[in-house]
Amino acid sequence: MCGIVGYIGTKRACPILLAGLSRLEYRGYDSAGISTIEKDGLSLVKDKGRVKVLEDKPEINSLKGTIGIAHTRWATHGKPSKENSHPHQDNHKIFSVVHNGIIENFQELRSMLEKNGYNFLSQTDTEIIPNLIHYYYEKEHENTVHAFLKAVRNCCLDLKGSFAIEVISKLFPKNMIVVRKDSPLVIGTCEDEKYLSSDIPAILSYTRDFYFLNDLEFALLENTCVKFYNVNLEEIDKPSSSIEWNAAASEKNGYEDFMLKEIYEQPTAIRETIGSKISLDNKCDFEELRFTKSYLETIDKIYIVACGTAMHAGLAGKNVIEKLCRIPVEVDIASEFRYRNPILNEKILCIFISQSGETADTIAALKLAKRCGSKTIALTNVIGSSITREADYSMYTHAGPEIAVASTKAYTSQVLLVNMLAVYFAEILGNTDVSEISNIKQEMLNLPKKIEETFSCKDAIQEFAKKIYQEKDVFFLGRGIDETVAKEGALKLKEISYIHSESYPAGELKHGPISLIENGITVISILTDSALMEKTISNIQEVISRGAKTLVITSHACDPSMFDETIQIPDTITYLSPILSIIPLQLLAYYISKEKGLDVDKPRNLAKSVTVE
Ligand code: G6P
């Protein structure tokens, strides 16, 4: 949902900003722009299209300034166009601003500014920001950096909604001011350079030391120092955090696309998520949680709340918590949960899953749960992300940066982490058979090797993709935990191949959806739960007899002549099976998208991190 970068240092800002934008393009890619402080004032180069369009503009080469801001856009207010692209400037071209988020009261503020003589060139909500800063700056009686800071602060106090903002001014050629509220922004720091970005990976090649702002904290930057202020503009201390991800993890490393690289990184991601927490000799230990038996015994219900793929990981993890801990679990879509007046109190534990840790609906749902007295756990991949600052406890998947919009390694490590959490709770509660827990742990440790084995399906999947890539509709079936994987498989396919795909619990098919099955239609089924296998096979027979083409992903012996294509995957315990059975479906979505010649990593209309409602 829009990517912003900034640089303040000793080198030419422009190439650094363009490189940062390319890395952030997954967040939005309908227009891009840059503004730097030049000898004769603020530069502004922007246009509709991808970062490449910006790079190819001749004006770009003349930008020599060492301070600049840049933006890649995912349109909300106003269609993609040059006028609507960021950065935006005030009418007097004194301030340049980039913004990620949504200003909900922009109409009201725009009318106020229009009454005060300001004109607007775009349809965006953002354009009010530089003008409002100008409006407040004019009221100051001194031309000091503090007056600049005060004007930015006063502007932000008027804004309703979410924002991460970077501001530069031709009046203060050595400074930049940044602020955030409910939208991501990180500050990377080196001795005489400062890097700003919507996420950590985009600037990891320059520094591992980061500052994270809380809502409505302001950073006043110079190349050699950063000062932090609270909303009353009192200076505050902020420690920096060192990030362990390495820069190579944010590059393609020879893979054609990030998605393919991330699919193949799953054995490592799973190994890292397990870390030293799972061993056969010791109890699973999450020192970041420190839950007691007496607390866990008071829990009436667990909600798992998330969006998209993260929500599917929650669905896949529901059964293991219920089975091992005997606590009921409800899985909810964050955008629904927050508006449906859920029953929340101190006896409810809420787990929020979010790869990015920045999804607006998930964070809002978390805030609601906290307000109602429930304990909250954030389960995320990104250290320092907004959700970790809101939650009572945070747990990390350690999957490494995930760049492709379609989530792959984040999903499998989320499923694993929910299983690990279930084991952790079960060991504290002490009411589950020790041998069952040992078996789960052993299977967790076996996962990286079994994922490697699963990759052997690649050629068969690639061939199947060639057969079906022109289809208009594809159905996914499964029962129990396999149905949760069917949901994720269907989402992967629609996200990156634009093929209409639906998932159904196999037994539900005959209650309506079977009317859609006709000659030649593709039905993909997941069969890992031996207890439900025969039932699902009967459902597959029902679609075969109506002319469906079938692909079956199974961990059990099946007569391959029964289906058009059978993909054999290693067997594991049911709770962990999604971590293996999703892999052929990730590869299928990938190869279909490639066959169609689409941009796998940046599918149309989608953004990796949805920081608006
Ligand atoms: C977007 C992405 C999905 C992702 C969802 C939740 O819709 O396109 O791939 O699953 O957001 O993101 P989160 O970062 O909260 O896991």
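The values are calculated or read from the model by the stated rules, or taken from the named source; none is laboratory data. Note that the coordinates shown come from a computational prediction; the quantities given were computed from them, not determined experimentally. Using ideal geometry, Cβ is built from the backbone for each residue, glycine included, and neighbour counts are taken over all protein chains shown. The area values use the complete protein model at the heavy-atom level, side chains included, leaving out ligands, DNA and RNA. Shrake-Rupley method; radii C 1.70, N 1.55, O 1.52, S 1.80 Å.
Between GLU613 and LYS82, how high is the FRET efficiency from 1/(1 + (r/R0)^6) when r is the Cβ-Cβ distance and R₀ = 45 Å? Nearest 0.05. Here the calculated transfer efficiency is 0.95.
Once the Cβ-Cβ distance between TYR295 and ASP237 is put in as r, and R0 is 35 Å, what FRET efficiency do you end up with, to the nearest 0.05? Don't skip to the end; give the middle numbers.
On the way: r = 33 Å, r/R0 = 0.94.
E(calc), rounded to 0.05, equals 0.60.
Find how much the distance from MET112 to TRP245 grows on full extension, using 0.36 nm per residue of separation minus their present alpha carbon separation; answer in nm with one decimal. Each step should come with its number before you reach the end.
Numbers: separation 133, 0.36 × 133 = 47.88 nm, distance 4.57 nm.
Taking 0.36 nm per residue and subtracting the Cα distance, the gain is 43.3 nm.
Computed extension gain for PHE120 through LYS466, at 0.36 nm per residue and net of the alpha carbon distance, reaches 119.5 nm. Peptides 48-59, 453-464, 475-486, ordered by how many other C-beta atoms sit within 10 Å of their residues on average, highest first, read 475-486, 453-464, 48-59. Expressed in Å, the radius of gyration and Dmax of the Cα atoms of segment 456-595 are 13.3, 36. Note on the chain: antiparallel DSSP beta bridges, both residues inside, total approximately 60 percent of the bridges counted.
Going highest first, how would you order 544-554, 301-311 by mean Cβ packing within 10 Å? Intermediate values should be presented prior to the final figure.
On the way: 544-554: 19.5, 301-311: 24.1.
Highest-to-lowest ranking by the protection proxy: 301-311, 544-554.
Between the helical axis of 128-139 and the longest alpha-carbon principal axis of the chain there is an angle of about 30 degrees.
List the pairs from LYS318/LYS487; LYS370/LYS441; LYS79/LYS150; LYS252/LYS492; LYS409/LYS487 whose alpha-carbon separation is above 23 Å, in the order I gave them. Long pairs (Cα-Cα over 23 Å): LYS370/LYS441; LYS79/LYS150.
If DNA, RNA and ligands are ignored and the probe is 1.4 Å, what is the ranking of MET395, MET562 by accessible area, most exposed first? Could you put the intermediate results ahead of the total?
Numbers: MET395 0, MET562 60 Å².
Correct descending sequence by accessible area is MET562, MET395.
Amide H to amide H distances under 5 Å link ILE304 with GLU330, VAL331, ASP332, ILE351, where only residues 5 or more positions off or on other chains count and H is placed in the peptide plane.
Taking only the C-alpha atoms of the chain, the Rg (one decimal) and the largest Cα-Cα distance, Dmax (whole number), read 25.5, 84 Å.
Given an 8 Å cut-off on Cα distances and at least 6 residues of separation, report the relative contact order of the chain as a percent.
Values: 1374 pairs, mean separation 71.6, N = 613.
In percent, rounded to a whole number, it is 12.
Counting only Cα atoms, I'd like the Rg/Rh figure for segment 197-299, Kirkwood definition for Rh.
Looking at segment 197-299, the ratio lands at 1.10.
The label point for ASN91 and the one for GLU287, both projected 7 Å from the Cα toward the Cβ, are 5.9 nm apart. Compute the angle between helix 481-497 and the longest alpha-carbon principal axis of the chain, please, reported from 0 to 90 degrees and rounded to the nearest 10. It is inclined by approximately 50 degrees.
Placing +1 on the Cβ of every Lys and Arg and -1 on the Cβ of every Asp and Glu, with nothing else charged, gives segment 255-377 a dipole about its Cα centre of roughly 640 debye. With the simple model of a label 7 Å out from the Cα in the direction of the Cβ, LEU516 to CYS372 spans 3.2 nm. Think of each Lys and Arg Cβ as +1 and each Asp and Glu Cβ as -1; about the Cα centre, that makes the dipole of segment 86-152 roughly 100 debye.
If we count every other residue with Cβ under 12 angstrom of SER96's Cβ, Lys/Arg +1 and Asp/Glu -1, where does the sum land? Within the 12 Å Cβ shell, the charges total -1. Segment 287-307 and segment 458-482 have Cα centres separated by 37 Å. Label separation (ARG546 vs VAL53): 4.4 nm, computed from points 7 Å beyond Cα along the C-beta direction.
Note on the chain: dipole from Cβ charges, positive end direction compared against PRO80, ASN246, THR362; the farthest Cα belongs to PRO80. With Cα atoms as the point set, the radius of gyration and Dmax of segment 250-432 evaluate to 16.0, 51 Å. By the Cα gyration tensor, segment 7-106 has an equivalent ellipsoid whose semi-axes, rounded to whole angstrom, run 20, 16, 12 from largest to smallest. Assuming 0.692 mPa s and 37 °C, estimate D for segment 312-407 with Stokes-Einstein, Rh taken as the Kirkwood radius over Cα pairs, in µm²/s. Estimated via Stokes-Einstein, D reaches 237 µm²/s.
Extension gain for GLU142 to SER276 (0.36 nm times residue separation, less C-alpha to C-alpha distance): 42.5 nm.
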